[in-house]
1. Using the Karplus curve 6.51 cos²θ - 1.76 cosθ + 1.60 with θ = phi - 60°, what ³J(HN,Hα) values do you get for each residue of the stretch 361-374, in whole Hz, with x for Gly and Pro?
2. Just the number, please: percent antiparallel of the DSSP beta bridges in the stretch 209-277, rounded to the nearest 5.
3. Where both partners of a DSSP beta bridge lie in the stretch 210-409, what percent of those bridges are antiparallel, to the nearest 5?
4. Fully extended, how many nm does the chain gain between Ile67 and Ser240 (0.36 nm per residue separation, minus their Cα-Cα distance)?
5. In the stretch 305-370, how does Rg compare with the Kirkwood Rh, expressed as the Rg/Rh ratio over alpha carbon atoms?
6. Semi-axes of the equivalent ellipsoid of the stretch 116-206: what are they in whole Å, largest first, if each equals the square root of 5 times a C-alpha gyration tensor eigenvalue?
7. Dipole of the chain (Lys/Arg Cβ +1, Asp/Glu Cβ -1, origin at the Cα centre): which of Ala401, Pro345, Thr195 lies farthest to the positive side?
8. Can you give the FRET efficiency to the nearest 0.05 for Arg288 and Arg407, using r as the Cβ-Cβ distance and R₀ = 45 Å?
Amino acid sequence: MEEVKEIIEVIENTENNRRQNRSHFIKGMLFGILSFILILSVIIFAGSNNRPTVLDPSAKMQEILSILEFHSVNEFDIEVMTEAMFIGFLFGVGDPYTSYMNRETLAAFRESTEGRYAGIGVRVQIDQTDNRIQILQVFPGGPSYIAQLEPGDKIIKVDGVEVSSVNFEDAVSMMRGTPGTRVTLTILREFNNQTFEREIVRDEVEVPTVEHRMIEAGIGYIRITSFDRQTYPQFMQALSNLTQQGMQGLVIDVRNNPGGLLDSVVRITNELIPEGTVVYTVDSRGNRDISRSNDRQLNIPLAILVNENSASASEVLAGAVRDTNSGVLVGNQTFGKGVVQSLFPLSDGSGIKVTIARYYTPGGYSIHGEGLLPDILIPTDRETSMRIATLAPSEDEQLQAAIGSVRQGMGQ
């Protein structure tokens, strides 16, 4: 199952014979496109005998197109309109995680879960306060790092096109492309209310999802920025290196981690908790799917750092550690995304991402819309939360609290 990560231009010809030919083409194509929603065709209006005429969706679209063809002074492109219709159709589900992706967007989405792609070298998410696209992480040495973008910056436009939560997947796709090509971003830097543009040269990007170090004598530190296909082997390498350096306690940092692949987080959590349930999901039919851990528990003092941007797979890890008493949660209350998406490719190369299940922690707790409250609550403001990757350890109150908890577990 793939999560994840949270989606028009126009032609007209006034020559009558060309308009008629295109009208026939449009009618034929729309009949095929809209046949799948003909179940909506029978709509009963309660009221008096003066009921309005009821149109099925196909007939209604034909009527709209006839009006546009005869009256519109704006050019329009039927293919662009059709793609927009699919986007709007799934937007009507009312679930921000259910979306339509055209061929290009679907390819970029799949690429993003592989841990390597060509783009601008950032990790982004939707800021729930204003539905804008916010940079969570700038990959060191990548194109955006060279362009001096920073965590917390908001992407307002991509090549002059306004972007937000509505076209999030399209925006991500627009930022990716062939290495050496250029893309112009309009950026809002909120802390000084500055808006500016940056032209960025795309390049091959290998996503660094795990970093690690010994933070002090006997205490290791692992930061996980997302759960991609490469994250588990990267995590195991970090764990091995720290163990060889004499690690006796561990801090795992999933602050600002928006989630990723369920399989990846399950494999990592398996290394941290005792034998039993890691997480279970319940689908629309009530079927339960349980992911279990074996007996490979790390069994050293453990603290998990979380904040308001720790979502989905990050919350799976944190919830399993909490419910199995395998460690302590430190930081801010988490995001609260307790649903699972699956990708369904369509026959024309496009696809839809659909929320197919809710997940529950080992203790049966659904965090959707609620989040997890840390055992040690250390509130921080939004600006500080976005800068955690650049804070010195001595400036990071949440990190210091996590270290203190691990020290206590080590008997220091």
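Every number here is computed from the coordinates shown, using simple stated rules; none is lab data. What you are looking at is a predicted structure, and each value in this text was computed from that prediction instead of being measured. Neighbour counts run over all protein chains shown; Cβ positions are idealised from the backbone, glycine included.
1. 6, x, x, x, 9, 9, 9, 5, x, 10, x, 10, 8, x
2. The antiparallel fraction comes to roughly 50 percent.
3. The answer is about 60 percent antiparallel.
4. Computed gain between Ile67 and Ser240 is 55.6 nm.
5. Using only Cα positions, Rg/Rh for the stretch 305-370 is 1.11.
6. 19, 14, 12
7. With unit charges placed on the Cβ atoms, the residue in question is Pro345.
8. Efficiency, from the Cβ-Cβ distance: 0.70.
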